[in-house]
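Here the structure is laid out as structure tokens; the discussion comes afterwards.
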Amino acid sequence: MFFIWGPQSGVRDLGVVAELCPQCAYVMPCRVFGKVEGAHIFFIPVASGVTEVAAICSHCQKRFRCDINRYKAMLSEFDAFSLTVDELLDQTNPSLKARIEWSRKCEELGDDPRFTQTLRSVDELRPGLLMTRLSKELRRWDQLDEAQRANLTRESSELARAMKFALSISTQVPENAGCAIGFLICLAVWGAAFVVPASISKSNGFVLGAALAGPLLGSVVYQFIVSHQVRQWTREVLVPEGRKSGISFQHFVSLLEDLSPARTRSADVLDPLKEYGQTIREELATLEVSIDRHNSESSS
Ligand SMILES: [Zn+2]
């Protein structure tokens, strides 16, 4: 039967990249193929997209899945095989080259306990601006002087300790405080609307206004109660527990600033801290003087 329009699929050769083959563990030129699915009109492709990508290693000929978004470019066979593997890495997969250089440096500096301790501390952080900055400095370890290395080790270690504390305290944030009261206030506003004299309730927009006023007032009261509870929890639980753990509150605040906002339905243990991070930071800022004084007294 002849179809003038219909789905069209096939396999397309996307080019050659340098890749670390998971089968033979060599970095080799690998040919990348994509499964293409689209549509045709009179056998002329009109829309297509790559749905699955795999590469074939030129050394062991085994096939493995890969991610085309990681490649800077994909070269023709002729261009790729006229380059050395190192040049091909530069042109097609520079992030892999950076990872390889970094693991070589880690091996070279593996005997330096301060470097390995700093590396471990940085690894304990979450991806973000702090981790990026510390990782960049760590990559320059052999160019840093003694004071810079000591500062980097100290900062990474304080942040790692603050991260451990954040993971342990996050589940204790009073998240649901005020929820029931906010709901009751919403119901109370709606209830009150029924006892308003008919002369007012029949006026234009009254029903809509009352319907919106309930959730709005309930939400304002809920936010007020939650904020109050979180501030109280910060003073009565977070600060004493933080002092017991010996964390630096300055680094803990930096960590809160660095955490990405909580996403709905994510199962991250740090979600409560992310959600109320701003309130906690504000409360810690008001307590800053007494915290600093306490820390300096403890250390003296
Ligand atoms: Zn291979």
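Some notes on this structure:
- Close amide H partners of K62, meaning residues 5 or more places away or on another chain with modelled amide H under 5 Å apart, are C57.
- On the beta carbon distance between D145 and E37, with R0 = 45 Å, the FRET formula returns roughly 0.20.
- The packing ranking, built from the mean of other Cβ atoms within 10 Å per residue, places the peptides 157-167, 136-146 in the order 157-167, 136-146, highest first.
- Listed residue (T132, F115, S103) projecting farthest to the positive dipole end of region 98-165, Cβ model: T132
- About the Cα centre, charge dipole magnitude for region 93-136 (Lys/Arg +1, Asp/Glu -1 at Cβ), debye: 260
- Fully extending the segment from E108 to E175 would add 19.4 nm, taking 0.36 nm per residue of separation and subtracting the current Cα-Cα distance.
- The relative contact order of region 98-165, computed from alpha carbon pairs under 8 Å that lie at least 6 residues apart in sequence, is 38 percent.
- In terms of the mean number of neighbouring beta-carbon atoms within 10 Å, the peptides 87-96, 105-114 order highest first as 87-96, 105-114.
Each reported figure results from applying straightforward, stated rules to the coordinates on display, with no laboratory input. What you see is a predicted model; the values in this text were computed from it and never measured. All Cβ positions, glycine included, derive from the backbone under ideal geometry; neighbour counts span all protein chains shown.
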